[in-house]
Each structure stands twice: as structure tokens, then as C-alpha cells.
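The values are calculated or read from the model by the stated rules, or taken from the named source; none is laboratory data. None of these values were measured; they are calculated from a predicted model. Cβ coordinates were reconstructed from backbone atoms using ideal geometry, including for glycine residues, and neighbour counts include every protein chain displayed. Side chains are part of the model used for accessible areas, which takes the heavy atoms of the whole protein and leaves out ligands, DNA and RNA. Shrake-Rupley method; radii C 1.70, N 1.55, O 1.52, S 1.80 Å.
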Amino acid sequence: VFTGRLAPSWQWKDYVDNDNYPQEEGSSSDSGYGHGTAVAGIIAQIAPRATILPLRVLDSDGRGDLDDVVAAIDWAIEQGADIINLSLGSYEYYWPLHQMMSYAAQHKVLLIASSGNDGSQTITHPAQMAWWDNEAWFGYLYSVGSLNSNSIMSSFSNYGGTVTHALGEEVVTTYPNGKLTQATGTSFAAPVLTGALALVLSDYSGDPGDLFNLIAETAQWPSGYTNASHGLIDLDSLLQAVQGGSGSSNANFIEQGTLDNFNGWDWQNNAVITSSGHNGNGAKINGQGGMGQVITGLEPNTTYGLKAQLKVGSYWSPVQLGVKYHGYSQQTSTSRSTGWQETSLEFTTGSNSTSAEIFIWQNSSWASTYADDFVLSKK
């Protein structure tokens, strides 16, 4: 299955055995046996024309050294890799790994990391770093959790900072000695996204870091899908977006000014559409939750104003109107009004900034908040 799909053999490396032949070792009774083969097989199925560079950093028990992980990332970048799949993780923070994330982003390399398999709210490194939005790698590093065939998060999947999820239960893929297997774990959810982004990059000429916002803009939120900042990747819509088809930009909202139709919003937790809006249909948040939308097509070095009509169920349960821009900056404005009231803020894009995410958010677990009549306009 990998014939003709691998990088030249002189680029291969095995950091466990310190040679250039990264083969599987051990037997099917070893927990890590076949791990790399299964991961590579998932990528090959989704992006059959992608070139796979085999690098081994884990032994037959699935254990490895963080120094080897850092060295392997460095080597992959040197060989011209566009995407690096990291189906591994550690709860230990490691400064050299931190530095390597920045180095990869500087070279515009995407990093796809699995969130971990302990069912914990603390995800492993480097996936945990994906939402460190003041770092250079923000938008280049993805943390991926696992879901089942019904789009429900797997019970074993770590969460609490996950960017997105992908199928990670009983994924049919390759296994050593020409066999197939059904693989389960976040290690096998990550290469689903890796393969999808490999397909996208074949049609995309922009900055790979901007795909982070496009995924949010085109993603789906199926019933029961939770615990991720981005929806479930919609590959068809994403490919249309990068090819210039429908859904490629929300720039028309800038021209029209209003964002009242609620298409394209990412609904978080307890946010729903309600007929009890300020002027027709609006948004309602029952308890802690919110919604957001990525707006593309903004002009660099330009000041924009954002306003919305907001209403809270209790003065003691304020709602935030906010915008995230520059990849890390954030502006918010808070409302405590129990009657409809216009709330507004301003932000200025940077020299390389053409998108921003607007959002509303409520922290209270018991009250309700309403929102409507969003307007984004140049100042």
C-alpha cells in the first residue's frame, strides 16, 4: 500500500535504533507494535498522493524520548515537510519542544497532535500548546481528540483545549505484514485531520496558518458534538473554500454590515437560535456557553467597529461581546443590561491580518443571555 508513496529512503530515520530503517519491531502482543504503520495508512487513504516521510521515535511499547521527538520534527522540516503528524504526547512540559513548535511555525509547517487517551480534561503536550494564542505557532498547531461514528466524543479522549475531533474508533487501516486492523485512539484521529489537510494544501497557495480560521468557518456541528473549539471538519466545504468556491469568505458580511442570519456561526455548549430576538430570530445562551464566527476578507491595518444588541437574564450574569484578531489579541465589551442594549467595541487589524473571530460568551451556569443584530463595519 505504501509503494510509491514514501519519501526517498535516504530521508528516513529511526531514532529508537539510531539507524535509517524505521521498521516496526516486536509483535502484535506489544502495545506499540503497528502504531506507525496504522497512522501512515490512514493518511494514505485520505490523501493517496501525499508523500509520507517515515520517522520512528516510539518503541514497540509506544514509549520514546522527547529529545528524539524534537530531533525528528527538526529533520522533517529540513526535508521540506508541509505537515507533521504527532500521534504521541507527554504530560511533561519540555522547553526544547516548545522551541520546536515555534521553529515549525516560522517555516509554515502544520503540526497535528493527538490529545491523549486518558479521558482527562488535561491534554498532552504538544497538543496542549495548540491554544497558547500568544505564541508563534498559533494557527499552525492542532490538537485532535477522538469521536465515534455518531460524532460523539470517545470516552477515552482527552479534552479541555482540543481544537477539533476526528473519527478515532475502529478505524480500518494498515498493519504490518500486509494486514489490516481496526485502530482505536486519538493517535488515529490525528492522521484523519493530517490527511485532510494534505489534500487541502494541494489546492491552497496561501499561508497554511490561515487554514485554522477557514476550518472554523466551514466546519459542521452535528448533534452531540462537544468539547472542541472548532466544529467537525467539513472537507468538501473546506476544499471549495480554498478553491475559491462557495463559502470561501465571509467578506460579503463586511459589505452588508450585518451578521443577523446566523449562518456560519460555531455554536458552543448551550447556545441555540431563538425567535425571541431583538429583531426576529436571535441567539440564546442557556447557562455557560457561547457562539463565534470567523470573518475573513478584512483589510490589513484597518480599524473596525463591532456592535450587537445584547440582553441578560440577570445583572449578576454578564455577557461578553468579543473579537480575537492578530492570531492572539483579544478585545471584549461586557453587558449586564436586563433589557436590549447595544454593546460595541473597536479593533484594528495588523499588517498581515485579514481575519478575525467575533464571539459572545457567558460564564454563568444558571442564567440566560440573548443576542441579535450584529454589525461589523469599517471606522
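Results, tabulated for the structure shown:
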| read-out | value |
| --- | --- |
| Residue satisfying condition, being surrounded by 13 or more Cβ atoms within 10 Å (Cβ to Cβ) and either more than 24 Å from A105 (Cβ to Cβ) or basic (K, R) (or both), within set A7, A44 | A44 |
| Which listed residue is among the polar types (S, T, N, Q), touching a residue at least 24 places away in the same chain (Cβ under 8 Å) and under 28 Å from P96 (Cα atoms), from S31, S9 | S31 |
| Selection count, the range 232-249, where residues are part of a loop (DSSP other than H, G, I, E, B), under 22 Å from N148 (Cβ atoms) and modelled with pLDDT under 90 | 1 |
| Qualifying residue in the range 86-97 (condition: of a type in the set (G, A, S) and open to solvent by 50 Å² or more (accessible area, probe 1.4 Å)) | no |
| Matching residues in the range 100-148 - criterion: being over 12 Å from the mean Cα position of the chain (by Cα), assigned to a strand (DSSP E or B) and either over 24 Å from E170 (Cα atoms) or without any contact (Cβ under 8 Å) to a residue 40 or more places away in the chain (or both) | H125 |
| Residue satisfying all of: in the range 331-353; open to solvent by 60 Å² or more (accessible area, probe 1.4 Å) and part of a loop (DSSP other than H, G, I, E, B); farthest from M291 (Cα to Cα) among these | S351 |
| Any pair with Cβ under 6 angstrom, 6 or more apart, that starts in the range 333-347 at a residue that is closer than 15 Å to D373 by Cβ and ends at one that is assigned to a loop (DSSP other than H, G, I, E, B) | W340/H278 |
| Strands (runs of 3 or more DSSP E) contained in the range 268-330 and holding at least 3 residues hydrophobic (A, V, I, L, M, F, W, C), open to solvent by less than 10 Å² (accessible area, probe 1.4 Å) and over 14 Å from S355 (Cβ atoms) | 282-296, 303-312 |
| Residue within the range 56-64 that is surrounded by 14 or more Cβ atoms within 10 Å (Cβ to Cβ), in contact with an Asp or Glu (Cβ under 7 Å, 6 or more places away or on another chain) and closer than 21 Å to L111 by Cβ present | yes |
| Subset of the range 161-174 (residues that are in a loop (DSSP other than H, G, I, E, B) and either among the aromatic types (F, W, Y) or open to solvent by 50 Å² or more (accessible area, probe 1.4 Å) (or both)) | E169, E170 |
| Yes/no for T181 being part of a strand (DSSP E or B) and in contact with a Ser or Thr (Cβ under 7 Å, 6 or more places away or on another chain) | yes |
